[in-house]
Every structure is written in C-alpha cells, then in structure tokens.
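The values are calculated or read from the model by the stated rules, or taken from the named source; none is laboratory data. Only a predicted model underlies this, so the values are computations on that prediction, with no experimental measurement involved. Every residue, glycine as well, gets a Cβ built from its backbone with ideal geometry; the counts of neighbours run over all protein chains shown.
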Amino acid sequence: MCGIVGYVGSVVPSSRPQDVVLEGLGRLEYRGYDSAGIALVRPGAGHVEVAKKSGKLINLREELAAHPSADATAAIGHTRWATHGRPSDVNAHPHQALDGKLAVIHNGIIENFFKLRTELAAQGIVFTSETDTEVAAHLLGQEFLATGDLTQAMRSVAQRLEGTFTLLAVHADQPDTVVGARHDSPLVVGLGNGENFLGSDVSAFISHTREALELGQDEIVTITPNSVEVINFAGEPVELNRYTVDWDAAAAEKGGYWSFMAKEIDDQPQAVADTLLGRVDENGDLILDDLRIDESVLRAIDKIIVVACGTAAYAGHVAKYAIEHWCRIPVEVELAHEFRYRDPIVTTRTLVVAISQSGETMDTLMAVRHAQEQGAKVIAIVNTHGSTIPREADAVLYTHAGPEIAVASTKAFVSQITATYLLGLYFAQLRGNMFRDEIQKMLAELREMPGKIREVLERAGRVKEIAHWMADTSSVLFLGRHTGFPIALEGALKLKELAYIHAEGFAAGELKHGPIALIEPGLPVFVIVPSPRGRGLLHSKVISNIQEIRARGARTLVIAEDGDTAVEAFADEVFWVPQAPTLLSPLLNVVPLQIFAAELARAKGLDVDQPRNLAKSVTVE
Ligand code: M6R
C-alpha cells in the first residue's frame with residue numbers, strides 16, 4: 001500500500017531531491033497505488049512546493065516537467081492507495097497546512113480522524129480534501145506554531161492519533177530537515193554521505209545506499225544532511241540499529257525480463273538455495289541461529305499455529321503436512337485475520353509461526369501481538385529485513401528470496417515453504433522425532449530442489465503455449481490432494497489475481513461433495529497428481545478423480561512426476577516435473593501454475609506486475 005520517500009541533502013546537482021524521490025517512488029510502485037505526489041523545500045521560498053496527480057507516476061512526472069523547480073534541499077514523495085476519499089488530484093498526498101508552509105504525507109489509517117476533523121473545523125480550519133491525512137497536517141501545523149520545532153510537533157501529534165501511521169513532514173522554515181513518525185506502519189532510514197533518506201522499505205533508496213537503520217514502533221526520526229536522530233513517542237533517545245542490505249539495486253530491476261514476475265519465477269532456484277544456505281553445520285546438523293527461543297521451550301511445545309494471509313497461508317498449509325509428519329506436533333493453519341477475532345485456544349505451550357514476505361501485513365502483525373498477549377512464543381518467517389513482524393516476534397527465520405517486486409508472490413512462496421521445512425526438520429532434530437540419518441537424507445533431498453526447479457523452468461515451453469491459447473477462458477478449476485491441495489489453492493489464486501479469471505482450488509476428494517456440479521464439457525481443470533512412489537493409494541485416488549471429471553467432459557491439464565505412466569491415458573495434457581519426495585513436491589508443482597497464470601495474463605494484455613486493486617504489502621486491516 002502507500003509508498004513513502006524522504007530525502008534531505010546538499011549534494012549536487014540541485015535537482016537531486018526531486019530526482020531521488022521520483023526514482024524512489026518508481027521503485028515503490030510495486031506496493032500498489034492510484035495517485036502520486038511530491039513536496040519540495042527550497043531555502044528562502046517561504047512555502048513548500050507541492051505537485052500531485054491521480055493515476056500513474058508518469059502523470060506526476062509530466063506535471064513536474066511542466067512546472068520545473070530547482071535548488072530544493074529536501075523533498076518528500078508519496079504513492080497513495082486510497083482509503084479515505086476516492087483517488088483524485090485533491091486527495092493525493094502531500095497535504096498542506098499553515099498556508100502552504102508545511103506538507104505531510106501518510107501511510108495508514110487515522111481511525112479518530114472524524115473526531116479530530118470536527119474539532120479542527122470548529123476552530124475555523126477549512127479542509128480541501130476528503131482524506132484522514134489532512135487532519136494530521138493541520139494538527140502538525142498547530143503544534144508547530146506552538147513549539148517552533150518540527151520534531152516536537154510531530155511527537156505531540158503522534159500521541160493524539162489513533163490507528164496506523166507513518167507520517168513524514170517538511171516545513172519551509174527548516175529546509176534541511178525531514179521528520180518522520182512510525183506507528184504500526186513501515187519506515188526505514190537510508191544513510192548517505194552528506195544526504196540521508198527515508199523510505200517505506202529499502203528499495204526506495206537502494207540505488208543510493210545499502211546502509212540502513214531500522215526504526216522501531218512508536219519512534220520519531222529527524223534527518224538532516226549530516227545527522228539522524230531518533231526518539232520515541234515519550235521523547236527519549238533511542239539506540240540506533242544499523243544494518244547493511246544484502247542485495248543491490250540490480251536485484252530490484254527487471255534485468256531484461258518482460259515482467260518482474262517472470263524474473264521472480266526464474267529466481268526461484270536461487271531463492272530456495274539461498275534460504276537453505278548456512279543452516280547446516282560441519283556435522284550435518286541443522287543450526288537455526290536466529291531462533292532465540294530457549295530449546296527447553298521449543299521441546300515443550302504441544303501445538304503449532306501458523307498465521308498468515310494469502311499465498312503465505314498456503315505455504316503454511318504445505319508446512320502442516322511436513323511438520324506433522326516429521327515431528328508429530330499438531331499444526332493448525334489460520335488466516336491471520338480470522339485467528340485474532342475468534343478467541344483461539346493459545347497457551348504458553350503453543351508456538352505461533354507467522355509467515356509473511358513483507359513482514360508488514362497488518363492482519364498478520366495483529367495475530368502475532370494477539371498470540372503474544374496469550375503467552376505464546378512467535379517465530380516469524382519473513383523475507384524483508386527491518387520490517388515490523390520480525391522485530392516483534394520472539395525469533396525470526398529469514399527467507400532469502402531477495403526483493404519481490406511483482407504483487408503476485410512467487411519466489412517468496414517457495415522460500416517460505418523451504419524455511420518451514422527447515423523449521424520442521426529442526427524440531428525433529430531437537431525433539432528426537434527422526435533419526436539423524438533420516439534428517440540428513442531429507443536435507444540432501446532439499447538441496448537437490450533448486451536444480452529440479454530449474455528443470456521445471458526449462459520445460460515451461462508447453463505451459464506457456466497453452467496459456468496463450470486459453471486467453472479467452474472464463475473459468476478454470478484446480479484439484480489436488482495432500483500437499484497438492486494447497487498448491488491447487490495457490491494455482492487458483494495466481495490466476496484470479498493476475499488474469500482476473502474465475503478460478504477455484506479444491507481438495508480433489510471434495511469433488512463429489514459439490515464442486516463436480518461445476519464440470520461441463522470443455523472446462524479446463526488442472527490436477528496435481530501425487531507421486532506414485534509415495535502413498536500409492538493417494539495416487540490412485542487422484543487418478544480416479546481425473547477419470548470422474550473427464551467422463552463429464554472436462555479438459556484435464558495434469559501435473560505429474562517423470563515416469564508416472566498411469567496418468568497419461570487420462571490427461572489431455574501432462575506437464576512433467578522431476579521426481580521428488582511427496583512432502584517436497586510443492587516446490588516443483590507450483591511452478592507450471594505460476595507460469596500459466598503469468599502467461600495467460602500476458603496474453604490478455606494485463607499488467608502482470610501490478611494487478612488491479614491489489615497492493616503488495618497490505619498494511620491496513
Ligand atoms: O507480505 P505477506 O506475505 O504477508 O503478504 C500476504 C498476502 O497478502 C500475499 O501473499 C498475497 O496473497 C499475494 N498477492 C499473493 O500473490
């Protein structure tokens with residue numbers, strides 16, 4: 001959702017603040033937005049110059065080209081994903097106060113905005129937009145008049161606001177300062193030389209610096225060209241937590257691919273390999289250094305609850321099969337937004353595993369807090385360093401997928417699954433559920449998976465062809481059993497979000513309990529067939545399901561492993577994947593479905609990286 005960039009510096013050329021902020025907004029486009037704006041502070045100008053336009057960033061660029069401004073020393077920029085007030089030029093950020101001397105941008109929702117707006121209106125303040133943000137701008141204006149200090153003014157305002165917010169502000173009288181506040185919404189600091197940066201995430205400034213500072217909950221940061229100061233909402237100084245980003249600008253670029261998603265699908269072997277890297281010691285035992293939870297606590301766990309949303313939740317479903325099988329611990333998988341509001345049974349012996357690519361999904365964050373309030377320990381499986389969920393969790397297992405820019409999750413998904421395998425095998429090692437050689441054998445199989453994913457990618461020609469032929473399809477079903485079930489759900493989600501096609505995933509066994517009524521001649525149905533080398537019964541049940549739908553005229557598109565000759569007779573099309581252990585097979589089976597969805601959307605001429613209505617990081621509940 002909304003993207004935020006801040007810059008202050010005295011570095012040549014004089015167009016740098018504008019250039020840096022526009023470039024940063026471009027890199028944050030992936031978060032999803034409907035309008036964009038910028039505020040520039042020029043020493044001596046007496047007011048902050050603001051440009052804002054609804055629609056894509058190009059509209060803002062054109063506006064700025066028509067009204068050029070130079071010699072600014074500070075700038076803030078924003079991409080807006082509408083919550084309060086429709087997408088329009090007027091509702092776009094920045095919002096101004098004090099007759100244009102002060103400008104504010106905001107990510108989040110101010111829940112008490114109506115009360116505050118009524119109070120301000122009663123004092124004679126005239127609002128020009130429908131947004132909650134404008135309330136924060138006028139409050140900040142009032143506090144600035146009272147204190148003459150932007151940082152202190154921000155602190156007072158932050159204490160009055162309810163809801164979620166990252167706020168950035170600039171004032172015409174302080175042309176070398178940008179102030180930010182962070183409460184339940186992301187904000188990171190980039191450290192430069194004679195210049196400093198703020199961003200919703202590090203991609204906002206990654207082409208300028210990889211040195212960053214994490215900001216904690218309820219903190220206020222003040223940046224000038226040569227200083228960064230952080231205090232908490234109580235006004236106390238805060239210790240700075242500096243880190244170096246382990247990827248560079250090239251990792252967040254398309255690198256010649258037709259879309260970020262196509263690149264990220266191809267990045268998957270590396271994402272899995274990197275997530276496995278450094279997690280085994282010289283004796284072949286798993287070491288999960290990041291797990292700061294006492295081993296005695298982990299040994300005593302009697303239940304695991306995975307909380308996550310969307311694709312991350314499907315990674316959790318895959319984890320359930322593996323962890324229950326390896327560790328004999330019951331695993332529940334809950335959509336984070338359902339978990340929090342249903343009074344779940346959580347005790348001190350419950351381990352909650354929160355899975356999130358962004359580490360900022362508000363529903364998942366709220367579930368983490370709820371679990372901790374009930375006394376549970378929380379392990380976060382997260383891709384984005386410095387994000388909120390790993391900061392608040394008791395321990396973190398980072399996935400190393402690199403930046404995922406396309407809204408539809410692909411490489412994060414396979415690396416999340418990989419991390420849950422590591423977690424499951426680690427528990428099995430710790431609790432003695434598996435023999436050492438069994439664990440090492442499974443780890444060896446896991447290390448083979450990047451190469452096998454690469455093979456699936458190399459065989460993708462046919463699935464691409466079929467996706468292009470099927471561009472006018474209006475409905476597709478996906479069926480799977482066991483670990484194939486969450487992959488069926490994920491295949492359907494990918495198709496819905498990218499190609500806007502009605503798609504449903506079902507457990508194949510559920511077919512006869514209702515969904516079979518949907519089958520009509522010509523309906524395309526993807527079926528994920530389990531390995532015949534696994535539980536043979538499972539395999540033959542799925543073959544029966546294929547026959548049932550084929551008998552009713554469905555067009556069967558089957559994903560099966562090499563050598564499974566039994567499927568060929570019943571499939572209109574088979575997409576072969578290399579042989580792998582049943583529990584690891586999701587890492588392979590999902591790949592043709594990702595490619596199918598991306599290529600079909602491409603054939604329809606849709607924006608694969610930024611599908612309509614979606615935001616990459618859902619930072620409001
Ligand atoms: O950042 P997160 O992993 O917490 O995001 C969770 C979901 O919003 C995300 O997986 C979403 O479902 C994707 N659009 C799926 O492609």
Inset, instruction - Considering only region 297-312, state which residues are more than 14 Å from the ligand (Cβ to nearest atom) and surrounded by fewer than 24 Cβ atoms within 10 Å (Cβ to Cβ). - result: V297, L298, R299, A300, I301, D302, K303, I305
Inset, instruction - Please go through region 583-619 and pick out each residue that is at pLDDT below 95, surrounded by 18 or more Cβ atoms within 10 Å (Cβ to Cβ) and away from the ligand (no atom under 12 Å from the Cβ). - result: none
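Can you say whether I379 is within 19 Å of I293 (Cα to Cα), crowded, with 23+ Cβ neighbours inside 10 Å and touching a residue at least 60 places away in the same chain (Cβ under 8 Å), as far as the supplied structure shows?
The answer is yes for I379.
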Inset, instruction - Please go through region 339-363 and pick out each residue that is within 12 Å of I381 (Cα to Cα) and either touching a Phe, Trp or Tyr at 6+ places or on another chain (Cβ under 9 Å) or more than 9 Å from the ligand (Cβ to nearest atom) (or both). - result: V352, V353, Q357
Inset, instruction - Determine which member of the set L150, L168, L187 is under 20 Å from S203 (Cα atoms), aliphatic (A, V, I, L, M) and at pLDDT 95 or above. - result: L168
Inset, instruction - Give just the number: which of (1) more than 16 Å from the ligand (Cβ to nearest atom); (2) surrounded by fewer than 23 Cβ atoms within 10 Å (Cβ to Cβ); (3) under 29 Å from P611 (Cβ atoms) does Y500 not satisfy? - result: (1)
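Select from region 329-338 the residues that are within 13 Å of the ligand (Cβ to nearest atom) and either buried (at least 19 other Cβ atoms within 10 Å of the Cβ) or among the hydrophobic types (A, V, I, L, M, F, W, C) (or both) and list them in ascending order.
L335, A336
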Inset, instruction - Check V382 against each of (1) more than 9 Å from the ligand (Cβ to nearest atom); (2) within 22 Å of V620 (Cβ to Cβ); (3) touching a helix residue (DSSP H, G or I) at 6+ places or on another chain (Cβ under 6 Å) and name the one condition it does not meet. - result: (1)
Inset, instruction - Output the residues belonging to region 459-502 that are out of contact with any Phe, Trp or Tyr (no Cβ under 7 Å at 6 or more places or on another chain) and of a type in the set (G, A, S). - result: A460, G461, A471, S474, S475, G480, G484, A499
Inset, instruction - Search region 99-120 for residues that are farther than 17 Å from T166 by Cβ and pair each with any residue that is among the polar types (S, T, N, Q) and modelled with pLDDT of 95 or more when their beta-carbon atoms are under 6 Å apart and the residues are at least 6 apart or on different chains. - result: none
Inset, instruction - Identify, from the list S14, S35, S54, the residue that is out of contact with any helix residue (DSSP H, G or I) (no Cβ under 9 Å at 6 or more places or on another chain), touching a residue at least 40 places away in the same chain (Cβ under 8 Å) and either within 26 Å of G194 (Cα to Cα) or crowded, with 16+ Cβ neighbours inside 10 Å (or both). - result: S14
Legend entry - Index of the failed condition, T364 passing every other in (1) of a type in the set (S, T, Y); (2) modelled with pLDDT under 95; (3) assigned to a helix (DSSP H, G or I): (2)
Legend entry - Considering residues of region 364-376 that are over 14 Å from the mean Cα position of the chain (by Cα) and buried (at least 21 other Cβ atoms within 10 Å of the Cβ) only, the residue farthest from the ligand (Cβ to nearest atom): A376
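Return the total of residues in region 467-476 being in contact (Cβ under 8 Å) with a residue 12 or more places away in the chain and surrounded by fewer than 24 Cβ atoms within 10 Å (Cβ to Cβ).
Residues flagged as in contact (Cβ under 8 Å) with a residue 12 or more places away in the chain and surrounded by fewer than 24 Cβ atoms within 10 Å (Cβ to Cβ) within region 467-476 amount to 6.
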Inset, instruction - Could you tell me which residue of region 569-582 is nearest to the ligand (Cβ to nearest atom), considering only residues that are out of contact with any Asp or Glu (no Cβ under 9 Å at 6 or more places or on another chain) and modelled with pLDDT of 90 or more? - result: F575
Legend entry - Residues satisfying the stated conditions in region 310-344, i.e. among the charged types (D, E, K, R), within 28 Å of K616 (Cα to Cα) and without any contact (Cβ under 8 Å) to a residue 12 or more places away in the chain: E338, R342
Inset, instruction - State whether one or more residues within region 516-529 are within 16 Å of the ligand (Cβ to nearest atom), hydrophobic (A, V, I, L, M, F, W, C) and surrounded by 18 or more Cβ atoms within 10 Å (Cβ to Cβ). - result: no
Inset, instruction - Can you tell me which residue among A315, A322 is away from the ligand (no atom under 16 Å from the Cβ), surrounded by 24 or more Cβ atoms within 10 Å (Cβ to Cβ) and not in a strand (DSSP E or B)? - result: A322
